[in-house]
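To start, the structure itself, in structure tokens.
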Amino acid sequence: MPLPADPAKAERSLRCLAFTAYTEAGNQGTRGMAAVVWVVMNRIAVADDFGDTPCEVLADPGQFEPLQRPRFRAFAKAVRG
């Protein structure tokens, strides 16, 4: 999946990928975080059920546990809003 042409949308996509990778697998090193990014990108590539962007995949209810944590409530609201 290429990044969106619009710089603001590209930055948003990268921030969602970085957030997901770090919060899901930040304690697992580079390989663990790369695996999370692969999962997100694979969901975009193969299924319409999850969304067309990293933020849409991340915002899909119940997909990524960090968005359920109270400390990430503001980020979750921004992603879903």
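Okay, here's what the table says:
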item	result
Check on residue 57, surrounded by 11 or more Cβ atoms within 10 Å (Cβ to Cβ) and in contact with a Gly (Cβ under 6 Å, 6 or more places away or on another chain)	yes
Long-range neighbours under 7 Å by Cβ, at least six apart or interchain, first residue closer than 21 Å to residue 10 by Cβ and charged (D, E, K, R) within the range 40-69, second outside any helix (DSSP H, G or I) and open to solvent by less than 40 Å² (accessible area, probe 1.4 Å)	60/51
Members of the range 26-48 that are surrounded by fewer than 11 Cβ atoms within 10 Å (Cβ to Cβ) and either closer than 20 Å to residue 77 by Cα or aliphatic (A, V, I, L, M) (or both)	45, 46, 47
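The values are calculated or read from the model by the stated rules, or taken from the named source; none is laboratory data. Quick caveat: nothing in here was measured; it's all calculated off a predicted structure. FYI the Cβ positions are ideal-geometry reconstructions off the backbone, even for glycines, and counts take in every protein chain you see. These area figures cover heavy atoms from the full protein model, side chains too; ligands, DNA and RNA do not enter into them. Shrake-Rupley method; radii C 1.70, N 1.55, O 1.52, S 1.80 Å.
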